[in-house]
Amino acid sequence: MRIQFKTGDARRDPGLGAIMSERRQLINLAYRLLGSLADAEDVVQEAYVRWYAMTERQREAIESPGGWLTKVAGRICLDQLRSARARRESYVGAWIPEPLPDRTEWAEGRPGGTASDPADRVTLDESVNMAFLVVLESMTPAERVAFILHDVFRYSFAEVAETVGRSPGACRQLASSARRRMRASHAPTAPAARSADVVRDFKRAWEAKDIAALIGLLDPDATALADGGGLVNAAPHPVAGAEEIARYLIAVSGRLPGQTILERTVNGRPGLVVQHEGVTTSVIALDVAGDRITRFWAVRNPEKLRTWTA
């Protein structure tokens with residue numbers, strides 16, 4: 001069931017406008033929890049379906065519709081995260097969260113059509129950069145939900161408890177455990193302007209097939225991960241070490257002559273987009289510390305690149 005609202009519906013039903021104003025907040029929450037914009041939109045749609053499945057009297061009895069929708073969306077996400085663990089075991093290769101483009105770059109790519117702009121739905125901040133989302137993947141579903149609801153969206157532990165189905169004290173412990181994971185995995189990140197300079201130099205070295213320059217821009221212990229989802233070619237295992245990554249990138253370029261590398265914002269940080277004959281084939285998120293790239297995530301699964309290729 002797909003609920004669709006027409007122009008003028010909110011005027012006829014004043015409560016509808018208030019309910020639909022929660023949509024962006026819900027999409028923001030669900031994307032951070034699931035790492036997929038498509039899944040996030042399905043979750044929010046299901047939350048609205050459940051809202052309108054109630055009688056009018058039942059809806060009127062709810063003091064905070066936004067709180068109710070958040071709780072329901074959070075519970076749906078929690079169920080999906082639990083089932084995702086089993087699905088990920090059958091996923092071919094590494095699983096990387098779906099990358100999001102920057103608002104202005106997306107608008108430029110779709111002249112006159114900003115209604116479907118993913119940046120209009122997801123606020124790009126530090127809680128959606130790729131490094132942050134990848135650490136979230138290492139958490140248990142309950143840790144992830146408790147941490148995002150409390151630390152990112154500032155819900156009280158009493159409110160978190162209603163979503164997670166545990167006591168406020170247990171949710172406090174879950175968030176604390178998640179916080180420790182985040183601190184242990186997060187190295188200092190270079191300012192965006194400095195990162196952009198490093199990414200630009202990296203792009204030029206890659207285009208020039210300059211292995212020495214690439215190695216100089218990569219941390220000696222850098223790691224690279226690619227997600228092809230079994231649909232396109234991608235390194236089946238992480239590539240570790242500056243020289244190994246540099247040689248791998250040069251080899252990839254050699255197999256696909258005529259590719260174009262563009263500087264783009266990926267999940268709020270400087271990144272790269274690889275295109276071949278005008279079609280986006282890879283979106284690359286990079287983590288920069290100091291003057292070197294420490295982590296490199298290449299999303300090649302075409303199902304995760306729909307917002308970049310539509």
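The values are calculated or read from the model by the stated rules, or taken from the named source; none is laboratory data. Everything numeric here is computed off the predicted structure, so don't read it as measured data. In this analysis, Cβ positions are derived from the backbone assuming ideal geometry, glycine residues included, and neighbour counts consider all displayed protein chains. The protein model used for the area step is the full one, side chains on, heavy atoms only, and it has no ligands, DNA or RNA in it. Shrake-Rupley method; radii C 1.70, N 1.55, O 1.52, S 1.80 Å.
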Next on the checklist: I'd like the full set of residues that are touching a Pro at 6+ places or on another chain (Cβ under 7 Å) and of a type in the set (S, T, N, Q), limited to the stretch 266-292.
Outcome noted: N267
Checklist outcome for this item: Log entry, pairs with first residue in the stretch 148-160 being of a type outside the set (V, I, T), second being part of a loop (DSSP other than H, G, I, E, B), beta carbons closer than 8 Å, six or more apart or on different chains, reads L149/Y155; H150/S156
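For the stretch 168-201, enumerate the residues that are basic (K, R) and over 30 Å from G74 (Cα atoms).
R194, R200 - these are the residues of the stretch 168-201 that are basic (K, R) and over 30 Å from G74 (Cα atoms).
Yes or no, residue by residue, for (1) in contact with a Lys or Arg (Cβ under 6 Å, 6 or more places away or on another chain); (2) modelled with pLDDT under 95; (3) basic (K, R); (4) under 24 Å from F153 (Cα atoms):
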site: Y52; (1), (2), (3), (4): no, yes, no, no
site: E56; (1), (2), (3), (4): no, yes, no, no
site: I62; (1), (2), (3), (4): no, yes, no, yes
site: G66; (1), (2), (3), (4): no, yes, no, yes
site: K71; (1), (2), (3), (4): no, no, yes, yes
site: C77; (1), (2), (3), (4): no, no, no, yes
site: A84; (1), (2), (3), (4): no, yes, no, yes
site: R87; (1), (2), (3), (4): no, yes, yes, no
site: S90; (1), (2), (3), (4): no, yes, no, no
Next on the checklist: Condition check: of a type outside the set (A, V, I, L, M) and more than 24 Å from W297 (Cα to Cα). Does R75 satisfy that?
Outcome noted: yes
Checklist entry - Which condition number in (1) out of contact with any strand residue (DSSP E or B) (no Cβ under 9 Å at 6 or more places or on another chain); (2) among the β-branched types (V, I, T); (3) more than 28 Å from E89 (Cα to Cα) is the one that V199 fails? => result (1)
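Got a sec? Which of R82, R57 is in a helix (DSSP H, G or I), open to solvent by 70 Å² or more (accessible area, probe 1.4 Å) and within 24 Å of F147 (Cβ to Cβ)? Quick ask: steps written out before the conclusion?
Values: R57 fails: within 24 Å of F147 (Cβ to Cβ).
None of the other options fit; the residue is R82.
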Next on the checklist: Among the residues of the stretch 261-285, what is the count of those that are touching a Lys or Arg at 6+ places or on another chain (Cβ under 7 Å) and either surrounded by fewer than 18 Cβ atoms within 10 Å (Cβ to Cβ) or within 17 Å of A235 (Cα to Cα) (or both)?
Outcome noted: 5
Next on the checklist: For the stretch 119-166: of the residues being within 18 Å of L26 (Cα to Cα), basic (K, R) and in a loop (DSSP other than H, G, I, E, B), which is least open to solvent (accessible area, probe 1.4 Å)?
Outcome noted: R121
Checklist outcome for this item: Of all helices (runs of 4 or more DSSP H) fully inside the stretch 173-258, the set with 1 or more residues that are modelled with pLDDT under 95 and surrounded by fewer than 16 Cβ atoms within 10 Å (Cβ to Cβ) is 192-207, 242-255
